[in-house]
Amino acid sequence: MTEEEAKTWLNTQLHVSRETMNKLERYVRLLLAEMDVQNLIAESTRGHVWARHIVDSAQLLPLAHSALDGAWIDLGSGAGLPAIVIAILADRPVLMVEARRKRIDFLCAVIAELGLDHAQIFGGRVETAKTVPAAVISARAYAPLPRLLASAHHLSSDRTIWLLPKGRNAENELEAARPTWQGVFHVERSVTDPDSAIITARSVMPRSKKGRG
């Protein structure tokens, strides 16, 4: 997917308004400027931000169409991918969980600059975050699937939708998680790379437990 194809996808698939596109463009500028301060995205993707990062994040939104009302919690938000993109595209409350101080500072600056009042940051480890169960949990380049589920299960309910971009390792990570985790798992192909995939899940729980107390 080229950069122009990425912007066309946003317009045709998500019907992005001019105002929303302006916010996405401002976010891209902030992201690239911050690359002079800290390494937020792979240097090799700097010239492909719209396809590799913006659309790669935005494609999660349609997968959450059946989610209940409530927060979208993003684990290890880092540069704000996908959380900032989701907060720009939707009004749903977004909670970013990030432990690294410099990245927290960057996310705070982006939220203020773009006026994303429905976005918040929890500064700390995922395991220590406390909130009501999420409607959606996302994580991009955060942790292998078994460890990811273990660290964030306390943030979920049986109605939570998990949206987990896993690149080309999706099938392998899902197989690694099956001995210890159960739920309704599905693998979606990425619109930005046919070799990459997104793991979606519902009703996730440890196999060692028959239910949640």
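The values are calculated or read from the model by the stated rules, or taken from the named source; none is laboratory data. Just so you know, these numbers come straight off a predicted model, no measurement behind them. Positions of Cβ are generated from backbone atoms using ideal geometry, with glycine treated the same way; all protein chains shown enter the neighbour counts. Remember, those area values only see protein heavy atoms, side chains included, never the ligands or the DNA or RNA. Shrake-Rupley method; radii C 1.70, N 1.55, O 1.52, S 1.80 Å.
Below, the figures for the structure above:
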{"item": "Within-14-Å neighbourhood charge of residue 36 [Cβ basis; K, R +1; D, E -1]", "result": "+1"}
{"item": "Selected from 38, 120, 59 as most flexible by GNM, with the chain as the system and alpha-carbon contacts under 10 Å", "result": "38"}
{"item": "Cα→Cβ-extended label distance, 7 Å offset, between residue 5 and residue 168, nm", "result": "1.7"}
{"item": "Linear extension gain, residue 46 paired with residue 100, 0.36 nm per residue minus alpha-carbon span", "result": "17.3 nm"}
{"item": "Relative contact order of the chain, pairs being alpha-carbon contacts under 8 Å that are 6 or more residues apart, as %", "result": "17"}
{"item": "14 Å reach of a label modelled at residue 33, 7 Å along Cα-to-Cβ, counting backbone N of the range 100-124", "result": "106-115"}
{"item": "Most mobile of 167, 183, 123 in a GNM of the chain (Cα contacts under 10 Å)", "result": "183"}
{"item": "The chain - mean residue ellipticity at 222 nm from DSSP helices (-39,500 (n - 2.57) per run, n ≥ 4, rounded to 500)", "result": "-9500 deg cm²/dmol"}
{"item": "Stokes-Einstein D (µm²/s) once Rh is taken as the Kirkwood radius of the range 133-213 over alpha-carbon pairs, at 4 °C in 1.567 mPa s", "result": "102"}
{"item": "Listed residue (131, 61, 121) projecting farthest to the positive dipole end of the chain, Cβ model", "result": "131"}
{"item": "Between the range 15-33 and the range 64-96, the alpha-carbon center distance in angstrom", "result": "16"}
{"item": "Pairs of Lys in the chain closer than 29 Å at Cα, counting only those 8 or more apart or on different chains", "result": "11"}
{"item": "Cβ-Cβ FRET estimate between residue 113 and residue 158, R0 fixed at 35 Å, reported to 0.05", "result": "0.40"}
{"item": "Charge dipole (the range 1-156, unit charges on Cβ, about Cα centre) - positive-most of 45, 156, 109", "result": "156"}
{"item": "Listed residues 65, 118, 154, most fluctuating in the chain (Gaussian network, C-alpha, under 10 Å)", "result": "65"}
{"item": "Inter-label distance for residue 205 and residue 187, nm, one decimal - labels placed 7 Å from Cα along Cα-to-Cβ", "result": "2.6"}
{"item": "158, 56, 91, ranked by accessible area, largest first (probe 1.4 Å)", "result": "91, 158, 56"}
{"item": "Loop-located trypsin sites (Lys or Arg not before Pro) in the range 42-112, at most 15 other Cβ atoms within 10 Å (DSSP)", "result": "100"}
{"item": "Solvent-accessible area per residue for the chain (1.4 angstrom probe, square angstrom)", "result": "48"}
{"item": "Other-chain or far-sequence residues with amide H under 5 Å of residue 139's (modelled H)", "result": "75, 163"}
{"item": "Loop trypsin sites (Lys or Arg not before Pro), the range 117-213, which have at most 14 other Cβ atoms in a 10 Å radius of their Cβ (DSSP)", "result": "125, 130, 159, 168, 207, 209, 210, 212"}
{"item": "Per-residue ³J(HN,Hα) for the range 14-24, Karplus 6.51 cos²θ - 1.76 cosθ + 1.60, θ = phi - 60°, Hz, x for Gly and Pro", "result": "10, 6, 5, 6, 5, 4, 5, 4, 4, 5, 4"}
{"item": "Unit charges on C-beta of K, R, D, E only; dipole of the chain, Debye", "result": "840"}
